[in-house]
Amino acid sequence: MPFVFRTFLILSLLEAGAIFGFFYAWVCSTMWGLDAAPPEVAIAAMQAMNASVRNGVFAVSFFGTPLVLVLTLVLAFATGHRRAGVILAAALVCAVASVLATMSVNVPMNQALAQVTLPSDQAGAIWAAYSGPWQLWNTLRTVTSGAALLLVGLAVMHARAPR
């Protein structure tokens, strides 16, 4: 059982790192690049990226991270890991803050933007109304997924190797 737990703990670290990196890339490059582009280009690019992100590779990280964290939590309790509470906190932060924020705010915003038909004489106003709030919520997802990554890292530091 300890080997299985450690395997899931490392998998949790990789999953949390992948989703943090995904959100972080949007914060520090993608959205800034779109904001620098003409609004029509930014809207078309964002529509294309939002359509392409619905794929199996992304689903493994986005939906897999909370699932793997919960399985790791169960194994932590089963093996008596002294940092099971840290893994619980990581799972809650990931599931509630990152996933819930995405599904309740970012996805509806993306769906609304997908309905925009270009060219539009309102492209500047549409992009201005979309970009700021979307980035705010994405920053929340980035911070919370980073916190989950940190918490899993702390749990990894306290995992004992077999003697």
Margin query: Quick check on the range 102-110. Is at least one of its residues under 30 Å from Thr7 (Cα atoms) and assigned to a helix (DSSP H, G or I)?
Written below: yes
Of the listed residues (Ile19, Ile10), the one being part of a helix (DSSP H, G or I), among the β-branched types (Val, Ile, Thr) and more than 13 Å from the chain's Cα centre (by Cα) is Ile10
Can you find even one residue in the range 5-12 that is charged (D, E, K, R), under 30 Å from Gln122 (Cβ atoms) and out of contact with any Gly (no Cβ under 9 Å at 6 or more places or on another chain)? no
Asp35 passes all but one of the listed conditions (1) modelled with pLDDT under 95; (2) of a type in the set (D, E, K, R); (3) under 30 Å from Gly124 (Cβ atoms); the exception is number (1)
Of Leu73, Leu69, the only residue that is over 17 Å from the mean Cα position of the chain (by Cα), of a type in the set (A, V, I, L, M) and crowded, with 17+ Cβ neighbours inside 10 Å is Leu73
Going by the structure shown, is Ala159 in contact (Cβ under 8 Å) with a residue 40 or more places away in the chain, in contact with a helix residue (DSSP H, G or I) (Cβ under 9 Å, 6 or more places away or on another chain) and assigned to a helix (DSSP H, G or I)?
no
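Of all residues in the range 57-99, which are part of a helix (DSSP H, G or I) and not aliphatic (A, V, I, L, M)? Write out each step before concluding.
Start the filter on the range 57-99 by keeping residues that are part of a helix (DSSP H, G or I), which leaves 57-62, 64-79, 84-99.
Residues satisfying the conditions are Phe58, Ser61, Phe62, Gly64, Thr65, Pro66, Thr72, Phe77, Thr79, Gly85, Cys94, Ser98.
Determine which member of the set Ser104, Ser12, Ser29, Ser52 is surrounded by 14 or more Cβ atoms within 10 Å (Cβ to Cβ) and hydroxyl-bearing (Ser, Thr, Tyr).
On the way: Ser104 fails: surrounded by 14 or more Cβ atoms within 10 Å (Cβ to Cβ); Ser29 fails: surrounded by 14 or more Cβ atoms within 10 Å (Cβ to Cβ); Ser52 fails: surrounded by 14 or more Cβ atoms within 10 Å (Cβ to Cβ).
Just one listed residue meets the conditions, Ser12.
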The lone condition Arg54 fails out of (1) in a loop (DSSP other than H, G, I, E, B); (2) touching a residue at least 60 places away in the same chain (Cβ under 8 Å) is (2)
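For the range 39-51, how many residues meet the condition of being in contact (Cβ under 8 Å) with a residue 40 or more places away in the chain and more than 22 Å from the chain's Cα centre (by Cα)? Reasoning before the result, please.
Going residue by residue through the range 39-51, those that are in contact (Cβ under 8 Å) with a residue 40 or more places away in the chain are 39-40, 42-44, 46-47, 50-51.
Okay, now just the ones that are also more than 22 Å from the chain's Cα centre (by Cα), so 39-40, 44.
Number satisfying all stated conditions: 3.
The values are calculated or read from the model by the stated rules, or taken from the named source; none is laboratory data. This is a predicted model, so every value here is computed, not measured. Please note: Cβ atoms are built from the backbone with ideal geometry, for glycine as well, and neighbour counts cover all protein chains shown.
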